[in-house]
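Worksheet: the structure to be examined is printed underneath.
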Amino acid sequence: MLYSFVEMNRAAMAPLRLVAKGTRALLDTPDNPARQTSFGRGLLAATSVFERATRYYGKPEWQIDSTVIAGRTCAVTPVPVWSSPWCRLIHFETRHAPANRPRLVLFAPLSGHFATLLRGTVEAFLPTHDVYISDWTDAKMAPVWLGRFDLDDYIDHVRWILAAVGGGAHVVAVCQPGPPVLAAISMMAEDGDANLPATMTFMGSPIDARQSPTIPNMLAEQRDYEWFESKMIYTVPAPWPGMMRRVYPGFVQLTSFMHMNWDRHVDAQARFFEHLVEGDEDNAETHRAFYDEYMAVLDLSEEFYLQTIEKVFRGHHLATGQFVYRDTRRVDPGAIETVALMTVEGEKDDISGIGQTQAAHDLCRNIPQSMQTDYVQPGVGHYGVFNGRRFRNEIVPRINAFHETFG
């Protein structure tokens, strides 16, 4: 019912949004003298804020056209090179790049935002790596006849993607993918899979959510499975292709994240209004770029979301040795012996607390200590672990050095 109400509200706001867009278009012309008045600038700012607050934010474009490699500008084209109904593997083909660059597979989170949230992550690695990324399907776009997509299916996709890229690649899992990626590589190691990666890096991942529990972790512990099933799962309405599919809506996740830092988001909107009134287009554009990405969300299938809650955040199955793949195969990270391990955490991470990612080192007990490294980035929160100035200047060089050592 909530999902239908949200769609009805969006439809009801459409006429007002069109009026706001029309007013903005009328005002925002050089020939309109009202644009230069205090009233005109205020009205223009107000209509811009209103239109952005009520719009639907679709899947963003990658907007990565080039990179600089060894001082040379090289064109970049995102190209799907493998796909299933639930995921596309995007390869950032780089024209005139040096041959035999190390292959890097980024596993993007399937936790509410699109893979483009890692745009800055991709850009930071392009000068040194041949980059691939998992681009997960929005569940509301998946017709019900496609069937289920659960945590075990996610693990299968990790293995299929690594097979498509080939053995000896470098794997970086950002946030949510940590546990299923570690599970997949554990089974690959046990099977003697030729597509085993050379290294695996986990960044801000809930490998063991019992360590330094954050607000989301505590919520998962305090509520039982039935609460999540009854309160967090809704049916996709028409006209979406996935109508009648049961999902955890992206707008619910977005609302939860925004309420964690509500004052900060309110202040950001107020500053955006002020920047528009003052004609400060640089800061206004920075705001637009961030919120265009932040407000674009996708839905998760019911079974994937509930299994993740139960196995990762409530039962801690991987951390306690209880993780069973498809109810038949117990997963043991101790099977990994030849894949180098790196963990990265943020000092101020309020999503995956300190120690949650580091837990991978204890689980991967048979990887030699000389092939393991851990890094905690001072002064950054969850987002800063994989994006921003400190990520580019302090985290990326460490990961690159790690790859050079064990690639």
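Quick note: the coordinates plus some simple rules give every number you see, no bench work behind them. Predicted, not measured: the structure shown is a model, and the values here were computed from it. We place every Cβ from the backbone using ideal geometry, glycine too, and count neighbours over all the protein chains shown.
Would you mind checking which residues have amide H under 5 Å from residue 169's amide H? H placed 1.01 Å from N; only 5 or more apart, or other chain.
Under 5 Å from the amide H of residue 169 lie the amide H atoms of 198, each far enough along the sequence or on another chain.
With a 10 Å radius around each residue's Cβ, average the other Cβ atoms per peptide and rank 60-69, 332-341, 360-369, highest first.
332-341, 360-369, 60-69
Can you compute the charge dipole magnitude of region 203-316 about its Cα centre, using +1 on each Lys and Arg Cβ and -1 on each Asp and Glu Cβ, nothing else charged? Give it in debye, rounded to the nearest 20.
Using Cβ point charges on Lys, Arg, Asp and Glu, region 203-316 gives about 600 debye.
For region 250-407, what does the convex hull of the Cα positions come to per residue, in cubic angstrom?
Taking only Cα atoms, region 250-407 has a hull volume of 150 Å³ per residue.
Through the Karplus equation 6.51 cos²θ - 1.76 cosθ + 1.60, θ set to phi - 60°, convert the phi angles of region 378-384 into ³J(HN,Hα) values in whole Hz; use x for Gly and Pro.
x, x, 10, x, 4, 4, x
Using the charge dipole of the chain (Lys, Arg: +1 at Cβ; Asp, Glu: -1 at Cβ; taken about the Cα centre), state which of 82, 146, 275 has its Cα farthest towards the positive end.
Towards the positive end, the residue furthest out is 275.
Using Cα pairs closer than 8 Å and at least 6 residues apart in sequence, work out the relative contact order for region 90-173, in percent.
The value is 46 percent.
Treating only the Cα positions of region 148-287 as identical point scatterers, give the base-10 log of I(q)/I(0) from the Debye formula at each q in 0.12, 0.13 Å⁻¹.
-0.80, -0.89
If a paramagnetic tag sat 7 Å from the Cα of residue 190 along the Cα-Cβ line, which residues of region 330-373 would have the backbone N under 12 Å from that point?
Flagged as within label range: 330-336.
Grab the other residues whose beta carbon is less than 12 angstrom from that of residue 403, score K and R as +1, D and E as -1, and report the net.
+1
Can you tell me the FRET efficiency between residue 83 and residue 348 if r is taken as the Cβ-Cβ distance and R0 is 25 Å, rounded to the nearest 0.05?
According to the calculation, E is roughly 0.10.
What ³J(HN,Hα) values, in whole Hz, does the Karplus curve 6.51 cos²θ - 1.76 cosθ + 1.60 give for region 189-203 when θ = phi - 60°, with x put for Gly and Pro?
5, 5, 7, x, 5, 5, 8, 4, x, 7, 9, 9, 10, 10, 10
Mind putting a number on the dipole of the chain about its Cα centre? Charges go on the C-beta only, +1 for Lys and Arg and -1 for Asp and Glu, and I need it in Debye to the nearest 20.
600 debye
Find out how many positive minus negative residues lie around residue 294, taking Lys and Arg as positive, Asp and Glu as negative, among other residues whose Cβ is under 14 Å from that of residue 294.
Charge balance near residue 294 sits at +4.
Hey, what do the phi angles of region 4-15 turn into as Karplus ³J(HN,Hα) couplings, whole Hz, using 6.51/-1.76/1.60 and θ = phi - 60°, x for Gly and Pro?
5, 5, 4, 5, 5, 5, 5, 5, 5, 7, 4, x
Just from its helices, what would the mean residue ellipticity at 222 nm be for the chain, if runs of 4 or more DSSP H residues each count -39500 (n - 2.57) and the sum is divided by every residue, rounded to the nearest 500 deg cm²/dmol?
-12000 deg cm²/dmol
Reachable aspartates and glutamates from residue 348, Cα under 20 Å, same-chain residues fewer than 8 places away excluded?
208, 263, 374, 394
Return the inverse of the average 1/r over all pairs of distinct C-alpha atoms in the chain, which is the Kirkwood hydrodynamic radius, in Å to one decimal.
Final number for the Kirkwood radius of the chain is 22.6 Å.
Projected area of region 123-230, taken from the Cα convex hull and averaged over every viewing direction, in nm²?
Its average projected convex-hull area is 9.5 nm².
Pairs of alpha-carbon atoms within less than 8 angstrom and 6+ residues apart define the contacts here; what relative contact order does the chain have, in percent?
Working: 721 pairs, mean separation 77.0, N = 407.
It rounds to 19 percent for the chain.
Taking 7 Å along the Cα-to-C-beta vector as the label spot, tell me the residue 224-residue 212 distance in nanometres, rounded to one decimal.
3.3 nm
Listed highest first by mean packing, meaning other Cβ atoms within 10 Å per residue, what order do 273-279, 113-119, 182-188 come in?
182-188, 113-119, 273-279
Taking every DSSP beta bridge with both residues inside the chain, roughly what % is antiparallel (nearest 5)?
50 percent
Among 183, 108, 129, which residue has its Cα positioned farthest towards the positive end of the charge dipole of region 82-219, with +1 placed on the Cβ of Lys and Arg, -1 on the Cβ of Asp and Glu, and the dipole taken about the Cα centre?
Going by the Cα projections, it comes out as 129.
If you place +1 on the Cβ of every Lys and Arg and -1 on the Cβ of every Asp and Glu, how big does the dipole about the Cα centre of region 43-198 come out, in debye to the nearest 20? Present the calculation step by step, with values, prior to reporting the outcome.
Details: 12 positive and 15 negative charges, 106 e Å.
In debye, rounded to 20, region 43-198 gives about 500.
Pairs of alpha-carbon atoms within less than 8 angstrom and 6+ residues apart define the contacts here; what relative contact order does region 10-96 have, in percent?
It rounds to 19 percent for region 10-96.
To make sure I understand the rule: partners must be lysines, Cα under 24 Å from the Cα of residue 140, and not fewer than 8 residues away in the same chain. Which ones qualify?
The reachable lysines, counting only those whose Cα sits under 24 Å from residue 140, are 59, 231, 311.
Express in nm, to one decimal, how much length is gained between residue 255 and residue 238 on full extension, taking 0.36 nm for each residue of separation and deducting their alpha carbon distance.
Details: separation 17, 0.36 × 17 = 6.12 nm, distance 2.20 nm.
Gain on extension, residue 255 to residue 238, equals 3.9 nm.
Could you please state, rounded to a whole Å, how far the C-alpha centre of region 130-198 is from the C-alpha centre of region 270-349?
If you average the Cα positions of each part, the centres end up 15 Å apart.
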